[in-house]
1. With a cap of 13 neighbouring Cβ atoms within 10 Å, and only residues DSSP puts in a loop, list the GluC sites (Glu not before Pro) found in segment 178-284.
2. Who wins for biggest fluctuation among Gln118, Gln319, Gln247 in a Gaussian network model of the chain, springs between alpha carbons below 10 Å?
3. Of Lys179/Lys211; Lys145/Lys179; Lys16/Lys109; Lys10/Lys47; Lys102/Lys236, which sit over 24 Å apart, Cα to Cα?
4. Can you give me the distance in nm between label points at Asp262 and Ala315, each placed 7 Å from the Cα along the Cα-to-Cβ direction?
5. For segment 61-114, state which trypsin sites (Lys or Arg not before Pro) are in a DSSP loop and have at most 13 other beta carbons lying within 10 Å of their beta carbon.
6. Please rank Trp40, Trp228, fewest neighbouring Cβ atoms within 10 Å first, as an exposure proxy.
7. Per DSSP H run of n ≥ 4, the term is -39500 (n - 2.57); total these for the chain, divide by its residue number, and report the mean residue ellipticity at 222 nm rounded to 500 deg cm²/dmol.
8. Rounded to the nearest 20 debye, what is the charge dipole size of segment 1-69 about its Cα centre when +1 sits on each Lys and Arg Cβ and -1 on each Asp and Glu Cβ?
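Every read-out reported here was derived from the displayed coordinates using simple, explicitly stated rules and does not represent laboratory data. All values reported here derive from a predicted model rather than from experimental measurement. All Cβ positions, glycine included, derive from the backbone under ideal geometry; neighbour counts span all protein chains shown.
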Amino acid sequence: MAKSANQKRKLLLLAKLLLERSDDEHPLTRQEMQEELSLWGLSAERKTIYDDMDQLRELGLDVQSRRGRNGGWYIGARDFELAELKLLVDAVQSSRFLTRRKSEALIHKLEGLTSVYQARQLQRQVYVDRRVKTMNESIFYNVDKLQGAIAVNKVVSFRYFEYNIQRERVFRREGGRYKLTPYGLIWDSENYYLAGWDELHQEVRHYRVDKMSDIVVSQTEGHPRGKWTAEGYTRKHFGMFSGRPCQLRLRCENRLAGVVIDRFGMEVSLVPDGDSHFTAAVDLVVSPPLWGWLFGLGPGVEVLGPDWAAADFAARLEQAAALYRGRLSGCGEEKKTEEKPPEECREE
C-alpha cells in the first residue's frame, strides 16, 4: 500500500480511537496507540505520533495532551458535552411517544457521541410518574413522513384506531381512510398530534400520530392553510380535546391573574371588575378538560358566558355532585359539629 494511503488510514484509525476511548480522565498513551495500530498492520514511531496529533488538530479535532505518570492524548471539547448528552438521554428515555425499543436504539446512538467511559454514565434509568410508553413502533417514522408532507403541502391519508379492553386495535370508520391536509405537528400532553384540514368535515381537526396506521402521502395539492398557526390552535384546545368553539367570558378573583396569564399568555386582556375581580374573554374550544381546569380554580372563577357554556358547566357540576349527595347524606350532621368526619364516613 502506498505511503500516503497508509498515512490517511492511520489518521482515521487514530481519530476513531481517540473519540471512542479517550476523555480527560482516560488519556491514551503512545504505547496504547501503537498497539492498536499494529492490529491493523500499521506502525508508528514516537515522532510520527506527535506529528499525527498535530495533523488531527489541524483537521478540527480538539486533541489535548497531558504529561506525567498518567499522561497521554485525549479529546477535549466535543460537539456535545456530557451534561447535554445526559439531558438528551433523559428526554428520550422519558418520552411517551417513543417505544421502549426505539428509546434504547436512540440512547445507544447518543452513547457513540462520547467516550466508552462517559457512555456508562448515560445508561440511566429515568422514572417519570405514570409514564406509559406507546405501543406503536412506527410512530418514529410516521413523524418524519408527515413532516415531509407538511413541507410540500400534500394531502395524506391514513387509518385511525383506538384500543378496546382486550388491547386490540379497533379502526374507526370501519377501517376507512381519513384524508387530511397536514398543517403542523403539535406536541401536547406528551403526545404528538397532526393538525390539518379534514376533507370529510371541511374544517381543521387534529389526530394523535401514535394512533395512525398505513400513512400514505399523496400527490394531491393540499388545502391552503391561510392564517392558521400551531400556537393559536393549541391555545384554544385544552388537552387537545375537540369541542364547540366560543369566546368564553370569565370573572376571576385578582389572585388568579397569574394563573390566567400562564395559561393564555401575556396578551390576554384582563379588565378590572370592582376592587377584587377582573374579567377575561378568551377564544376556546369547550371540552371536559377545560371544565376540569376551571373546577380546580374553585369559587375564584365564574363563567359569565356564553349562556350555553355556563349552563353546560353548571350541569356537569350538578351531575358530579349528585353522585355523592346520597352517599354522604348520613355524614352531613356530623360534619357540621366535628372537625373530622366520623369513622364510618372516613372509610368510604
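1. For GluC sites (Glu not before Pro) across segment 178-284 that sit outside H, G, I, E and B with at most 13 neighbouring Cβ atoms in 10 Å, the list reads Glu190, Glu267.
2. Most flexible of the set in this elastic network: Gln319.
3. Details: Lys179/Lys211 15 Å; Lys145/Lys179 15 Å; Lys16/Lys109 15 Å; Lys10/Lys47 14 Å; Lys102/Lys236 32 Å.
In this structure, Lys102/Lys236 exceed 24 Å between Cα atoms.
4. Computed distance between label sites Asp262 and Ala315 equals 3.2 nm.
5. Working: sites: Arg66, Arg67, Arg69, Arg78, Lys86, Arg96, Arg100, Arg101, Lys102, Lys109; in loops: Arg67, Arg69, Arg78, Arg96.
Sites meeting the loop and neighbour criteria: Arg67, Arg69.
6. Details: Trp40 11, Trp228 14.
By the 10 Å Cβ count, ascending: Trp40, Trp228.
7. Numbers: 13 runs with 141 residues, N = 348.
After summing the helix terms and dividing by the residues of the chain, the value is -12000 deg cm²/dmol.
8. On the way: 13 positive and 13 negative charges, 60 e Å.
Here segment 1-69 has a charge dipole of around 280 debye.
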